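Quick notes on the structure that follows.
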Amino acid sequence: MATHTSLTLSLIFLSFLLNSLSATTSAAAATTSATPAGNFIQTSCRTTTYPAVCVQSLSPYASIIQKSPRQLVMTALSVTVDKAQSTRTFVAKLTKFRGLKPKEYAALKDCLEEMTDSVDRLSKSVRELKSMGRARGPEYIWHMSNLQTWVSAALTDDSTCMDGFAGRALNGRIKSSIRARMSNLAQVTSNALALCNKFGGK
């Protein structure tokens, strides 16, 4: 009973922390929306699958992004890396909770591997964009192809993790917490990929 209570309290605390961070980010987004950089971010985010999430995640960095398409993509990728790293840490902590069902533990371990791969691939995408420099022509296309491949693979990792918690046998707080966290990561990753594709099209 004590173990169950401890698990519940931990999940409640993590949920509260996420909500607090979300509220802070929303306030920052509202502050920057009226600036030229904020308008640029909003316009760019309209091409993504989750424009509201896009604006919310990038608006705090408006002063860095300004109106640079390249910096917009770099920031989107960096934000996604940070989100993937925090998600990996979140999953790693869940694997250490006592009282987990065998299937929950197995799904969490698989998810942790997927998150490790996701962080690695997203980090490679950031390095790829940095190494691109002022590349033109075939060299530019080659770099962009690598970048898009890494981000797309990371998005697949996110989906694979969520798929591991499918089925009624895994219903419960662990599943709800994972799916909520992974859903947000998948949205941010999807948006980053959309911005990469738009940038690559230029």
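Here, each number is a calculation from the coordinates, and none is a lab measurement. Please read these numbers as outputs of a predicted model, since none were measured by experiment. Please note: Cβ atoms are built from the backbone with ideal geometry, for glycine as well, and neighbour counts cover all protein chains shown.
At most 12 other Cβ atoms within 10 Å and a DSSP loop assignment: could you name the trypsin sites (Lys or Arg not before Pro) in segment 30-135 that fit? Mind dumping the intermediate values first?
Numbers: sites: R46, K67, R70, K83, R88, K93, K96, R98, K103, K109, R121, K124, R127, K130, R134; in loops: R46, K67, K96, R98, R134.
Loop-located and lightly packed - R46, K96, R98, R134.
Label positions at T89 and T35, each projected 7 Å from the Cα along the C-beta direction, are separated by 2.6 nm.
Arrange S78, S183 by Cβ neighbour counts within 10 Å, fewest through most, would you?
Numbers: S78 18, S183 12.
By the 10 Å Cβ count, ascending, the order reads S183, S78.
Placing R0 at 41 angstrom, the Cβ-Cβ distance between R168 and R134 gives a FRET efficiency of 0.15 after rounding to 0.05. Rounded to the nearest whole Hz, the Karplus-based 3J(HN,Hα) values (6.51 cos²θ - 1.76 cosθ + 1.60, θ = phi - 60°) of segment 85-102 follow the sequence 5, 5, 5, 4, 4, 4, 5, 4, 5, 5, 5, 8, 5, 7, x, 6, 6, x, with x at glycine and proline.
Within the straight-line cut-off of under 15 Å between alpha carbons, the aspartates and glutamates reachable from K101 are D110, sequence neighbours fewer than 8 places apart in one chain being disregarded. Rounded to whole numbers, the Karplus 3J(HN,Hα) couplings from phi for segment 145-153 are 4, 4, 4, 5, 5, 5, 5, 4, 5 Hz, using 6.51 cos²θ - 1.76 cosθ + 1.60 with θ = phi - 60°, and x at Gly and Pro. The phi torsions of segment 44-57, fed into the Karplus equation with coefficients 6.51, -1.76 and 1.60 and a -60° offset, translate into couplings of 5, 6, 5, 8, 8, 6, 10, x, 5, 5, 4, 4, 4, 7 Hz, rounded to whole numbers, with Gly and Pro shown as x. For the modelled label position 7 Å from the Cα of E113 along Cα-to-Cβ, which residues of segment 152-168 have backbone nitrogen atoms closer than 20 Å? Inside the label zone: 153-167. Per the Debye calculation on segment 68-201 with a single equal scatterer at every Cα and no solvent contribution, log₁₀ I(q)/I(0) for q = 0.15, 0.21 Å⁻¹ amounts to -0.68, -1.09. About the centre of its Cα atoms, segment 68-201 shows a dipole size close to 440 debye [charges on the beta carbon of Lys, Arg (+1) and Asp, Glu (-1) only; nearest 20 debye].
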